[in-house]
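The values are calculated or read from the model by the stated rules, or taken from the named source; none is laboratory data. Remember, it's a predicted structure, so these values are computed and weren't measured experimentally. Neighbour counts are summed over all protein chains in view; Cβ atoms, including those assigned to glycine, are modelled from backbone coordinates with ideal geometry.
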Amino acid sequence: MKKAILVLSAVAAALVLVFSAFNLFVLTKTDKYILSAPELKGTDYDCILVLGAGIRDDGTPSDMLKDRLTTAIGLYKLGYSRTLLLSGDRSGDHYDEVAVMKKFCIENGVPEENIVCDGKGYSTYESVDNTRGVGKYRKIIIVTQEYHLSRAIYIAQRMGLEAHGICADVRSYRGQLIRDVRECFARMKDVIKVM
């Protein structure tokens, strides 16, 4: 019995080490690519990629999504790119993140012709892969919250994109601890996926 407990403890410790290593690897690999707007070099980005983050029942963006969109619109108005690429879940007639995102951008001064929509961004991986799949977007700014940014940048860079990230944390978000824990597992999953 003692031997079994020791073996299980050793296996658990090894798993924690591997898990931590994956997360530390992604965080350190991407840290220098997370910038503030003044630190962005030039204004010749192909697009500003905004990752979806849920919508409310009344058809408005969640707080997280609103902050991502507001941040991206600010970058657009500063001239970092002429294109906003909105990527999110358009899984049915009653749930369309991208339509809500587009409406918000237009209401806040972005011309419709400068908005590109990706309704098949069901995950961070798919959003970045779809961006790459469009073909003409190679140098991108990714806008999302800090907890999520390292993984998005890592995926983009592994897919051959030149990616920088801008943090859209404007406030505290309810349920952040759960998102932080989930993100640790998602980092490990996506590191393996892009290998």
Test: residue in the stretch 119-132 that is exposed (fewer than 14 other Cβ atoms within 10 Å of the Cβ) and out of contact with any Gly (no Cβ under 8 Å at 6 or more places or on another chain): no
Scan of the stretch 156-195 for residues that are among the hydrophobic types (A, V, I, L, M, F, W, C), within 21 Å of residue 69 (Cα to Cα) and in contact with a strand residue (DSSP E or B) (Cβ under 9 Å, 6 or more places away or on another chain), ordered by number: 156, 163, 166, 167, 168
Criterion violated by residue 156 - all others in (1) out of contact with any Asp or Glu (no Cβ under 9 Å at 6 or more places or on another chain); (2) under 23 Å from residue 186 (Cβ atoms) satisfied: (1)
Pair list, Cβ under 9 Å, 6 or more apart: the stretch 65-81 residue crowded, with 22+ Cβ neighbours inside 10 Å, other residue assigned to a helix (DSSP H, G or I) and among the aromatic types (Phe, Trp, Tyr): 65/104; 69/104
Qualifying residue in the stretch 42-64 (condition: surrounded by fewer than 23 Cβ atoms within 10 Å (Cβ to Cβ), of a type in the set (Gly, Ala, Ser) and over 27 Å from residue 176 (Cβ atoms)): yes
Single condition residue 102 does not satisfy, out of (1) crowded, with 18+ Cβ neighbours inside 10 Å; (2) charged (D, E, K, R); (3) out of contact with any Asp or Glu (no Cβ under 8 Å at 6 or more places or on another chain): (3)
Looking only at the stretch 24-79, and only at residues there that are of a type in the set (D, E, K, R) and assigned to a loop (DSSP other than H, G, I, E, B), the one that is modelled with the highest pLDDT: 46
Answer residue from the stretch 133-155, given it is among the small types (Gly, Ala, Ser) and loosely packed, with under 14 Cβ neighbours inside 10 Å and is farthest from residue 66 (Cα to Cα) among those: 135
Tabulated pairs, the stretch 39-56, first within 14 Å of residue 125 (Cα to Cα), second in a loop (DSSP other than H, G, I, E, B) and among the aromatic types (Phe, Trp, Tyr), C-beta under 8 angstrom, 6+ apart or interchain: 49/137
